[in-house]
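To start, the structure itself, in structure tokens.
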Amino acid sequence: MSPVDFTLSRRELLRGGALVVGFSMAGAAPARAARGDAAGPPDPVAIDTWIAIHADNTATVYTGKCELGQGNTTGLLQIAAEELDFGMHQMKSVSLDTNVTPDQGATSSSSSIERGGPQLRAAAAEARRELLARASRVLGVQIGSLLVNDGVVSIAGENNFRSVKYGDLLGDKPFNLKFTGVAPQKPPGRYRLLGKRPARVDMPAKAAGQYTHMHHLRVPGMLHGRVVLPRGQRSFGAGARPLSIDEASIRHIPAARVVRKGDFVGVVAEREWDAIKAARELKVTWLDGPELAGNENLYEHMRAGKTTDTQIAKKGDPATAFAKAAHVRGSTYKCPYQGHLPFAPNCALADVTAERALIKSSTQDVYSSRAQIAEVLGMPQEKVRVQYNEGSGTFGRSCYEDASQAAAILSQAVGKPVRVQYMRHDEHGWDNYGPAHLAEVRAGVDADGNIIAYEYDGWQHGWTVTTTVSDSALRKPGSERAQGSGSILVNPMSTGSMYKIPNRRVSSHAVPMEGYLRGAALRSPLDLSFAFASEQTIDELAKALGMDPFEFRRKNIGDRRWLGVLDAAAEAANWRKRVSATPLSNDEIVTGRGIALGTHHVSYGAAVADIEVNKRTGVIVAKRLFGAMDCGLAVNPALVENQMVGQMIQSTSRVLKEEVIFDKKAVTSLDWVSYPVLRFAEHPEVIPVVVQRLDEPSTGAGEEVMGATAAAIANAFFDATGARLRQFPMTPARVQAALDGRT
């Protein structure tokens, strides 16, 4: 049977038939790549790589940042439309494709607008300058005499008596120009779209049930595949090694077939249910790996193990300052492994032949995915094409690369397109978890309420750079990012940097991943842990001084932008000044309010939490959350608000409920019962506030209030009960232990 081609046609891809050329002085290959005729990435300094102008006076925009549900498609279109002087109704975009869209790196680290926007904006400004130059020649006037509205160029003062459309100047033809980097960009005073709230372009189809997600895709002649893994991952580096496979154990399942490559084991079948049964019933004897620390001894194991130590921040002389402090507070904090765990397990579709490979997946980095798939298949990268389709959420590095690599291996083996979807127990059990963290924090103040000393020591391991599938298929030990890289360091932004502290030390103690679980970036990587520990310590200092925690933070902040978000959150919450945990109630159900600061990269976040604590059951309910974020220029404040709501609800879930459970052999939390998350009925009311800075560069907005939210909930618990919880999730059992004085 001939291979099935499920790529988009050029007409479907552009939805307007434009010829988009990524012009390069080096030759024709990048031009073909921009059209989808050859492997990309297209020339990053060619205007045609980023923008196509159509004869119907519309534009197609190409970016390297994918739509994960955060709305960045709309925000990036706003940026381009602003510089082009188009309306949003004239703009469209295409999904990521390694033969079509530019390489802007992974869609992660809140980078879509911050890092993806400037390149697109520069291209749009350059395109506008070229279009105006052409219009000036057509209309016979200087560029300075021209006005543009919705892509219609007219002469100032002529009431559109003479005009020309962008579509008439260039429609469906390439610019054939490169960036100069000097095309003027609009100042804030001339913004028409930036800072405004146009509706998300992806929502109508989603609301109508017409949006095609990854899980909806099917192609003729497709087989269904499943990976076969032991229940729950073993120690990192041990992988999943089959000692024996009894293929006869699935002969009763119609057309089921076992595929093995190296230590990778998968099954395919014509019907999906048959593939599920085959994966479940295939008898495999697995090699046991080395022991894990297990939940019971995890933090002691981390603290006692060999580490690579890095001093992240050092200012002044903390030791001397502590000796002079009027009050010193500090403690040890324990923060768990947590999972990415999208609501629908990851899915991918592959069609691999000897000549080429086509893969559709929910990867957050199509170019990195292409390189990994090429290695697993043993094919040159230029023969592998990866196309992005939105999945069901991911929040970091979930198993999307595993699914795409598994689909590619199975398709290569059987010579037909194969769709792979992970089972829930595989997604839960073989995730790239957000690493656990152990913190020791100490801080001191003088008698006037000034923080004069601060120390933070953090233990955690790093992130893997490979997948379970590639490790197994290639029979390679799992690879970890280099010691000392940002993935395994304590974040200095989240550990006291918002305060004017003259004596501060922050140290990171990286443990090797061997003997632990597979780790990777989870939304706002480790910042919940950092803020949970650091901001509770700050609160304890305020309590020692008999000061209101909001006023204490105000006194010690030296940056206007940190002060801006703190004030905005407090104002939204109608903060009333008082010392925390005064007075305390003897009621069974008590209420508390907490405040905290936090961030991930370079934006600014603050949160206030109102909670209820049932002292009899130990259940904490987050009732209301107030968040404030300063991310510089908020291109679309509505998108930022939506992101803040999602962040604060997810932080609530993570600080109250989520923890990966494992024993000395394997992960045991394999479903939503053993790994509970916040249910819809438990969601707090969230009030988001965007602190707009039109004159500042746009920075990240997808992760930056998560740490503050977790810490605010922890501080609210102390306010309600007078007890501190120094480990999350803040489960009923831990609440009751804290109230009983057992922690």
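The values are calculated or read from the model by the stated rules, or taken from the named source; none is laboratory data. It should be emphasised that the depicted structure is a prediction, and the values quoted were computed from it without experimental measurement. Neighbour counts are summed over all protein chains in view; Cβ atoms, including those assigned to glycine, are modelled from backbone coordinates with ideal geometry.
Does region 686-709 include one or more residues that are in a helix (DSSP H, G or I) and not hydrophobic (A, V, I, L, M, F, W, C)?
yes
Quick check, is A81 touching a residue at least 12 places away in the same chain (Cβ under 8 Å) and either assigned to a helix (DSSP H, G or I) or not polar (S, T, N, Q) (or both)?
yes
When you scan region 400-411, do you find a residue that is in contact (Cβ under 8 Å) with a residue 60 or more places away in the chain, among the aliphatic types (A, V, I, L, M) and assigned by TED's automatic domain parsing to the domain that holds R518, even just one?
no
Among all residue pairs at least 6 apart or on different chains, which show Cβ distances below 6 Å where the first residue, located in region 697-718, is farther than 27 Å from A544 by Cβ and the second is among the acidic types (D, E)?
Short answer, once both residue conditions are applied: S698/E114; T699/E114; G700/E114.
Can you list residue pairs whose Cβ atoms sit under 6 Å apart, with the first residue in region 525-554 being farther than 25 Å from G700 by Cα and the second being among the charged types (D, E, K, R) and assigned to a helix (DSSP H, G or I)? Count only pairs 6 or more apart in sequence or on different chains.
Correct list of pairs: P549/D539.
Condition check ((1) of a type in the set (K, R); (2) in contact with a Pro (Cβ under 8 Å, 6 or more places away or on another chain); (3) not assigned by TED's automatic domain parsing to the domain that holds V608) across all residues:
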| residue | (1), (2), (3) |
| --- | --- |
| L639 | no, no, no |
| Q643 | no, no, no |
| V655 | no, yes, no |
| L670 | no, no, no |
| V673 | no, no, no |
| R679 | yes, no, no |
| A712 | no, no, no |
| A723 | no, no, no |
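Kindly indicate whether S507 is in contact (Cβ under 8 Å) with a residue 24 or more places away in the chain and assigned to a helix (DSSP H, G or I).
Working: in contact (Cβ under 8 Å) with a residue 24 or more places away in the chain: yes; assigned to a helix (DSSP H, G or I): no.
It is false that S507 is in contact (Cβ under 8 Å) with a residue 24 or more places away in the chain and assigned to a helix (DSSP H, G or I).
What residue, among those in region 671-724 that are of a type in the set (S, T, N, Q) and closer than 29 Å to T582 by Cβ, is surrounded by the most Cβ atoms within 10 Å (Cβ to Cβ)?
Per the stated criteria, the residue is T709.
Within region 265-280, identify whether any single residue is in contact with a helix residue (DSSP H, G or I) (Cβ under 7 Å, 6 or more places away or on another chain), over 17 Å from V420 (Cβ atoms) and not assigned by TED's automatic domain parsing to the domain that holds V441, and answer yes or no.
The answer is no; no qualifying residue exists.
Out of region 223-248, which residues are among the charged types (D, E, K, R), over 18 Å from G415 (Cα atoms) and either surrounded by fewer than 21 Cβ atoms within 10 Å (Cβ to Cβ) or at pLDDT 95 or above (or both)?
Answer for region 223-248, where residues must be among the charged types (D, E, K, R), over 18 Å from G415 (Cα atoms) and either surrounded by fewer than 21 Cβ atoms within 10 Å (Cβ to Cβ) or at pLDDT 95 or above (or both): R231, R241, D246, E247.
Go through the residues of region 323-338 one by one and say whether even a single one is under 32 Å from the mean Cα position of the chain (by Cα) and outside any strand (DSSP E or B).
Yes: one or more hits.
Taking V602 as the residue in question, decide whether it is among the hydrophobic types (A, V, I, L, M, F, W, C), surrounded by fewer than 17 Cβ atoms within 10 Å (Cβ to Cβ) and under 21 Å from A443 (Cβ atoms).
No, not satisfied.
With the condition being in contact with a Leu (Cβ under 7 Å, 6 or more places away or on another chain), at pLDDT below 95 and of a type in the set (S, T, Y), I'd like the strands (runs of 3 or more DSSP E) fully within region 129-178 carrying at least 1 qualifying residues.
152-155
Pick out the one residue from S507, S494, S479 that is at pLDDT below 95, of a type in the set (G, A, S) and over 25 Å from G564 (Cα atoms).
Just a single option satisfies the conditions, and that option is S479.
Taking into account only those residues within region 369-400 that are assigned to a loop (DSSP other than H, G, I, E, B) and of a type in the set (S, T, N, Q), which is surrounded by the fewest Cβ atoms within 10 Å (Cβ to Cβ)?
Of region 369-400, the ones assigned to a loop (DSSP other than H, G, I, E, B) are 378-380, 389-395, 397-399.
Checking the rest, the ones that are also of a type in the set (S, T, N, Q) come to 389, 392, 394, 398.
On the way: N389: 21, S392: 16, T394: 23, S398: 27.
This residue is S392.
Within region 411-438, take every residue that is in contact with a Phe, Trp or Tyr (Cβ under 8 Å, 6 or more places away or on another chain) and small (G, A, S) and give me the one that is surrounded by the fewest Cβ atoms within 10 Å (Cβ to Cβ).
Ranking the candidates gives A436 first.
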